Amino acid sequence: MNRGFYTIMAAQFFSSLADNALIFVAIGLLTAMKAPASLTPLLKLSFVLFYVLLAAFVGAFADSMPKGRVMFIANLIKVFGCCLIFFGVHPLIACAVVGFGAAVYSPAKYGILTELLPPEKLVAANGWIEGLTVMSIILGTVMGGALVSQHGSAWLMTLDVPYIDTGINTPTKGQLAVLIGVYALAAGFNLRIPDTDARYEHQERNPAKLIADFADCSATLWKDKLGQISLAVTTLFWGAGATLQFIVLKWAERSLHMPLDKATSLIGVVAIGVAVGAALAAKMIPLKKSLTVIPLGIVMGLVVTAMTLVHSLTIAVPMLLLIGLLSGFFVVPMNALLQHRGHVLMSAGHSIAVQNFNENLSILTMLAVYAIMITLNLDLNVIIVLFGLSLAGIMWLIGRRHATNQREHDSLALIGEHKH
């Protein structure tokens, strides 16, 4: 990998680190405001909604200028969102603005990889991104928890800049100042990202035409023999991953008798497994072999169903590590293949926007189904078995679809194809 790639990774890591820490700071602020508990889940929802609502527009924006500049602008939007809280804006609105910046950021951070690197390095590059993203989730959780803790808040109030009145006179303002500093660090790395000299034709600005163009891009990827398989896998993965977080928390409470603050550590165990799986995939699976990992998705679904038999932490930890490892190992090659086909068939920004739309729509849908199951008071073990078998069954159907495509035409020959 060249120096530009590592600069992109540094920018991605610090931006994601601040995103994850911000959620905890916002939750702490809502608690201090004695806001209704129903507002807390909306913090995550606002992030996801903007990925879906802006999908038709952010791809064109990402392709309208060098990707490093797009990422810099997106980080400025995130900083603006944090600053809104300083001026008394409700944290839910402020987080929605940060989510807007995150939606703008995503097509650029993934799209630049296809401009900077040859196809054979995309699996390794995605291994880096997934690994660093998981690290930012874990460290962002630790950082956010430290900032809102009593000791952290007290320490922030002891900090002072000689001869300068910063106006930071509350723990919340101190917490936000730290986050703004992390976003600023990410923005500094954005400015160091090299221009790849990739230029696309003039981007449409008419909203109706942008939506029509986005629909065409989405149809193109779903019709492509490789694109439809990789897009189906990544869409399923992100929806299942978001739902699995809530299932693990409830399962830890019911089966392992762990309180919520302890149960959250199990999410970190899964995340560590994802990071290890992503790193192994980056080392072991070349792009040409990316579709060979589909059976691992079936295995992962079956392992999830085995959670119903576990009532001991000593067994639960290695099982969750295995679930994370399997998911990281099969999603990284699929992600790389999807980026490659998107780059070949259209532009980097547009293809990532289609991917974001489908994946986040899957998150919304699967979380809604899970919420309905909880509302119907279904037994948790029934929910786990239905979830695991559905995951394994859908992955089996995707594998069958790929086998059918191969009988009609050797779609694997398309891997490594140059841009049309």
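The values are calculated or read from the model by the stated rules, or taken from the named source; none is laboratory data. Remember, it's a predicted structure, so these values are computed and weren't measured experimentally. We place every Cβ from the backbone using ideal geometry, glycine too, and count neighbours over all the protein chains shown. Accessible surface areas use protein heavy atoms only, side chains included; no ligands, DNA or RNA. Shrake-Rupley method; radii C 1.70, N 1.55, O 1.52, S 1.80 Å.
When residues in region 246-261 are screened for being open to solvent by less than 30 Å² (accessible area, probe 1.4 Å) and among the aromatic types (Phe, Trp, Tyr), 1 of them pass. Before we move on, is THR243 modelled with pLDDT of 80 or more and surrounded by fewer than 18 Cβ atoms within 10 Å (Cβ to Cβ)? No: the conditions fail for THR243. Does GLY68 qualify as being of a type outside the set (Val, Ile, Thr), within 17 Å of the chain's Cα centre (by Cα) and either at pLDDT below 80 or crowded, with 19+ Cβ neighbours inside 10 Å (or both)? The answer is no for GLY68. Screening the candidates PHE50, PHE5, PHE13 for the property of being open to solvent by 40 Å² or more (accessible area, probe 1.4 Å) and not β-branched (Val, Ile, Thr) yields one hit, PHE50. For region 26-36, the criterion of being buried (at least 23 other Cβ atoms within 10 Å of the Cβ) and either among the charged types (D, E, K, R) or part of a helix (DSSP H, G or I) (or both) is met by at least one residue. Yes or no: VAL369 open to solvent by 20 Å² or more (accessible area, probe 1.4 Å), in a helix (DSSP H, G or I) and closer than 26 Å to LYS44 by Cα? Here the answer is yes, as VAL369 does meet what is asked. The set of residues from region 4-38 being under 18 Å from GLY68 (Cα atoms) and touching a residue at least 24 places away in the same chain (Cβ under 8 Å) comprises GLY4, PHE5, THR7, ILE8, MET9, ALA10, ALA11, GLN12, PHE13, PHE14, SER15, SER16. The residue that is farthest from ILE247 (Cα to Cα), among those in region 372-390 that are loosely packed, with under 11 Cβ neighbours inside 10 Å and of a type outside the set (S, T, N, Q), is LEU376.
For region 281-302, the criterion of a residue being assigned to a helix (DSSP H, G or I), open to solvent by 30 Å² or more (accessible area, probe 1.4 Å) and more than 30 Å from VAL354 (Cα to Cα) is satisfied by no position.
Every condition in (1) outside any helix (DSSP H, G or I); (2) within 24 Å of LYS109 (Cα to Cα) holds for SER351 except the one numbered (1). Looking across region 311-331 at every residue that is under 13 Å from VAL248 (Cβ atoms) and of a type in the set (Val, Ile, Thr), the one that is surrounded by the most Cβ atoms within 10 Å (Cβ to Cβ) is identified as ILE323.
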